[in-house]
Amino acid sequence: MKIAFISALSVLAAVTPVAGAENPKVILDTTKGQLTIELYPGKAPETVKNFLAYVDAGFYNGTIFHRVIPKFMIQGGGFTPDMQQKATRPPIKIESDNGLKNDRGTIAMARTPDPNSATAQFFINSVDNGFLNFTAKTDKGWGYAVFGKVVQGMEVVDAISKVKTGARDVPVETITITGAKRAK
């Protein structure tokens, strides 16, 4: 009985990211407020490395949340306020089969229909979006790679998700990421 209990805990620990000092955090300052995102390099090492490289380079500073869909998600990290797409580094390999789910508050990489096309754009789930989760290593089953979670500032995500949008889900009011940096 004791061995089974320990094994069950080991399995749970393998699929549940543990908050702690070993996980880097990023602060996103936006025109709607501040978000703190904890990243899970143990679950999505290449995705976290990619995201942090963009943060460290100042890439996200001055980009906008260019796609907002209420009761779904907010997407940003690739466009300037005049809707010009920024040049990015090459795409990364998808890491969606890591056990993490597209639950409320999680951050995942945006991509095209090609599973291995994520570059800089990300989205934050404003609700649980189970249909975006990994189900199989097929074009339709890859889902979207979760690599972290908002640990402070979900009220900011909620405020952004409620803004009025126009064509193609672009917010009428520009919502800018004024700064992105590693938390100390």
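Ignoring everything except DSSP H segments at least 4 long, calculate the 222 nm mean residue ellipticity for the chain; use -39,500 (n - 2.57) per segment, divide by total residues, nearest 500.
Taken over the chain, the calculation gives -5500 deg cm²/dmol.
What does the extension gain come out to for Thr36 and Asp103, with contour length at 0.36 nm per residue minus their alpha carbon separation?
22.5 nm
Once the piece of chain linking Lys93 and Lys140 is laid out straight, how much longer is it, given 0.36 nm per residue of separation minus the C-alpha distance between them?
15.4 nm
Please identify every one of the chymotrypsin sites (Phe, Trp or Tyr not before Pro) in the stretch 50-128 that sits in a loop by DSSP and has no more than 16 other beta carbons within 10 Å of its own beta carbon.
Loop-located and lightly packed - Phe72.
Take Lys49, project a point 7 Å from its Cα along the Cβ direction, then tell me which residues of the stretch 133-164 have their backbone nitrogen under 19 Å from it.
Only 145-148 fall inside the zone, counting backbone N under 19 Å.
Using Cα positions and a limit of under 16 Å, work out the lysines in reach of Lys25, with same-chain residues fewer than 8 apart set aside.
Partners within reach: Lys43, Lys49, Lys149, Lys181, Lys184.
Give the long-range amide H neighbours of Thr63: residues separated by 5 or more places, or on another chain, with amide H under 5 Å away, using H modelled in the peptide plane at 1.01 Å from N.
Residues meeting the criterion, in which the H sits 1.01 Å from N, are Ile177.
With a ≥ b ≥ c the root eigenvalues of the C-alpha gyration tensor of the chain, is it rounded (a/c under 1.5), prolate (a/b larger than b/c) or oblate?
Prolate, since a/c reaches 1.5 and a/b exceeds b/c.
Let's test the formula: R0 of 22 Å, r as the Cβ-Cβ distance of Thr174 and Met154. What FRET efficiency results, to the nearest 0.05?
Result of the calculation: an efficiency of 0.55.
If each of Lys164 and Asp82 carries a label point 7 Å out from its Cα toward its Cβ, how far apart are those two points in nm?
Output for this residue pair reads 2.5 nm.
Using θ = phi - 60° and the Karplus form 6.51 cos²θ - 1.76 cosθ + 1.60, what ³J(HN,Hα) does each residue of the stretch 120-130 get, whole Hz, x for Gly and Pro?
Going residue by residue, I get 10, 5, 9, 9, 10, 6, 8, 9, 5, 10, x Hz, with x marking Gly and Pro.
Where a number appears in this text, it was derived from the coordinates with a stated rule and is not lab data. Source: prediction; values computed, not measured. Quick reminder, even Gly has a Cβ in these numbers, built from the backbone with ideal geometry, and neighbours come from all protein chains shown.
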